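Comments concern the structure below.
The values are calculated or read from the model by the stated rules, or taken from the named source; none is laboratory data. Quick caveat: nothing in here was measured; it's all calculated off a predicted structure. Here the Cβ positions follow ideal geometry from the backbone for every residue, glycine too, while neighbour counts run over all protein chains shown.
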Amino acid sequence: MTHSQKILILDFGSQYTQLIARRIRENNVYSEIQPHNYPLEKIKLHKPKGIILSGGPQSVYDQDAPQIDKKLFELDIPILGICFGLQLIAKELGGKVEPAINREYGKTEFEILQTNELFKDVNTKSTVWMSHGDLVTELPEGFIINGRSENSPICAVSNSSKKIYGLQFHPEVSHTEFGNKILTNFLFNICKCSPDWSPKSFISAEIEDIRKEVGKDYVICALSGGVDSSVAAVLVSKAIGERLICVHVDTGLMRKNESHNIIKLFNDNLKLRIVHIDAAELFLSRLKGIADPEQKRKIIGNAFIEVFEKEAKKYPDVKFLVQGTLYPDVIESVSVKGKSATIKTHHNVGGLPEKMNLKLIEPFRELFKDEVRKIGRELGLPEDFINRHPFPGPGLAVRILGEVTKEKLEILRQVDEIYINEIKSANIYNQIWQAFSVLLPVRTVGVMGDFRTYENVIALRAVTSTDGMTADWYRFDYAILENISNKIIRNVKGVNRVVYDISSKPPSTIEWE
């Protein structure tokens, strides 16, 4: 989709790059991340209102350090360099960067020495967040020092006539006291952006784009019942109406009554054209005897393609496929980011279209999860549906460690229902990014009544996060956790022990498989 105005973020591998994009969007300005070596000609085509050079883990003098086209500074577009970005500006324009005697990490006091448009309404002394091992020791010609910290005498610089600014600290991190003010000063005072990027404006522009692209053709959508594919389906149906065919495949790996509830919601409330396929037996037969998680994912992915492809062939006029791909999926799978590694392949990114020769419609490819939720609200989806926790494409198969069987699925469905219902009744469901239970391939001794038992162990997982890229375990009130554990053990035959997972991402992932 084209945007009338945008801020371009060139990524040098910082763990905070996504955060910069989010902060800018929170201020109703569209922002986009591209790799550090994004061609100058493409930058010119984008016509960004401003460019931000992100931080990065390397030294500007490292042999394989990411470089930049020096002509970037001649485009007459405002530039803000953050941490590594500042050091790169200094190095490229004739200044000097050296290893710091005292590396700064964490909270530091920052003092403004000479104010400018970037520091309008920012206190002379404030707390900022640092993360660097090098520092600028000599300024390029035409630059002045705007601020310092205890270990960085040159902590903020500017060349106002060229609209080039640099900060040694990270304004995008919430620990930086006036971080948002500095970013909004850059957006509105320096780049002259308008705060006009909103769910409403996104929807109307996207509907127009989809209509133009699809013309009179038909579109098919794999409707999992998750927030992303559901909101995408509703958006596309607003654009082309009955020419959208939604296919819901019940893999038999869903939560309790999930398929029934999804079909009911879409038939009753959203009036979408839905085809429901019960393929539970096929998926379970393919998974028989399989314990390896990657094999399970591949088998489920291939079986899904097979079922979906067979259905799609019934509609020869279909030329497009809708997917609810999100920005973090793209970044993790395709390594959009400058120096970042591919973490894992997401089932949305690649797979279906290559085999089916359909053109892709991915309306949310540039969006974060919370932005999709805002769009869902704007489109009139029910609040309890919009706030649903993420659910993996392979379903409960990756929450049963080891072989997947009907019996294990039944145990996990019962456990999951109790767990989620208890979280909802404690009014904490919306404080948690994702909560789920895992059936472990472990049996332990227990006592029920006067009898010895030897039964299954359930692990409970609950995490807080903003976009799933990083996550921390949720701190339950012990009484709630105790109540959940008691209800599971009392009511689910085959379970005699419940444990709680207190790992964060990284180093762990959110899902166990």
For the range 204-239, what are the residues that are within 20 Å of L326 (Cα to Cα), surrounded by fewer than 20 Cβ atoms within 10 Å (Cβ to Cβ) and small (G, A, S)? S204, A205, G226
Hey, can you tell me all the residues within the range 116-131 that are in a strand (DSSP E or B) and in contact with a Gly (Cβ under 8 Å, 6 or more places away or on another chain)? V128, W129, M130, S131
Would a scan of the range 126-135 turn up a residue that is surrounded by fewer than 19 Cβ atoms within 10 Å (Cβ to Cβ), closer than 22 Å to A65 by Cα and in contact (Cβ under 8 Å) with a residue 40 or more places away in the chain? yes
Does P153 satisfy being crowded, with 19+ Cβ neighbours inside 10 Å and assigned to a loop (DSSP other than H, G, I, E, B)? no
Of the candidates D228, D217, D209, the one satisfying the condition of being over 26 Å from the mean Cα position of the chain (by Cα) and not aliphatic (A, V, I, L, M) is D217
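Each row is one residue, and each column tells you yes or no for (1) within 23 Å of D250 (Cβ to Cβ); (2) not β-branched (V, I, T).
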position: G380; (1), (2): no, yes
position: F385; (1), (2): yes, yes
position: R388; (1), (2): yes, yes
position: F391; (1), (2): yes, yes
position: G395; (1), (2): yes, yes
position: L409; (1), (2): yes, yes
position: R413; (1), (2): yes, yes
position: E417; (1), (2): yes, yes
position: V438; (1), (2): yes, no
Any chance you could count how many residues in the range 23-76 are among the basic types (K, R) and either within 25 Å of V173 (Cβ to Cβ) or in the same structural domain as R365 (by TED's automatic domain parsing) (or both)? 3
Of all residues in the range 362-386, which are over 14 Å from L326 (Cα atoms), acidic (D, E) and at pLDDT below 90? E383, D384
On the basis of being within 30 Å of V128 (Cβ to Cβ), more than 24 Å from the chain's Cα centre (by Cα), among the acidic types (D, E) and not assigned by TED's automatic domain parsing to the domain that holds Y419, does E177 make the cut? yes
Suppose we filter G215, G147, G142 for residues that are under 30 Å from L272 (Cα atoms) and of a type in the set (G, A, S); which single one remains? G215
Among H389, H346, which is crowded, with 17+ Cβ neighbours inside 10 Å, at pLDDT below 90 and closer than 30 Å to E32 by Cβ? H346
If you take the residues in the range 97-116 that are among the charged types (D, E, K, R) and surrounded by 14 or more Cβ atoms within 10 Å (Cβ to Cβ), which one is farthest from N37 (Cα to Cα)? E111
Of those in the range 180-201 that are among the polar types (S, T, N, Q) and part of a loop (DSSP other than H, G, I, E, B), the residue farthest from the chain's Cα centre (by Cα) is S194
With the requirement that a residue be hydrophobic (A, V, I, L, M, F, W, C), under 23 Å from the mean Cα position of the chain (by Cα) and either surrounded by fewer than 21 Cβ atoms within 10 Å (Cβ to Cβ) or modelled with pLDDT of 95 or more (or both), what does the range 30-52 give you? I51, I52
Of all residues making up the range 392-404, the number that are buried (at least 17 other Cβ atoms within 10 Å of the Cβ), in contact (Cβ under 8 Å) with a residue 40 or more places away in the chain and within 15 Å of V442 (Cα to Cα): 3
Here are T405, T453: which of them is within 23 Å of A279 (Cβ to Cβ) and out of contact with any Asp or Glu (no Cβ under 7 Å at 6 or more places or on another chain)? T405
Please tell me if V60 is of a type in the set (A, V, I, L, M) and modelled with pLDDT of 90 or more. no
With the first residue restricted to the range 297-321 and required to be in the same structural domain as R365 (by TED's automatic domain parsing), and the second required to be in a helix (DSSP H, G or I) and among the small types (G, A, S), Cβ contacts under 9 Å at 6 or more apart or on different chains are R297/A397; I299/A397; I300/G395; I300/A397; V318/A312; L321/A312
Among V236, V231, which is among the aliphatic types (A, V, I, L, M), in contact with a Gly (Cβ under 6 Å, 6 or more places away or on another chain) and closer than 21 Å to E208 by Cα? V231
Taking only the range 251-274 into account, find how many residues are at pLDDT 90 or above and of a type in the set (V, I, T). 1
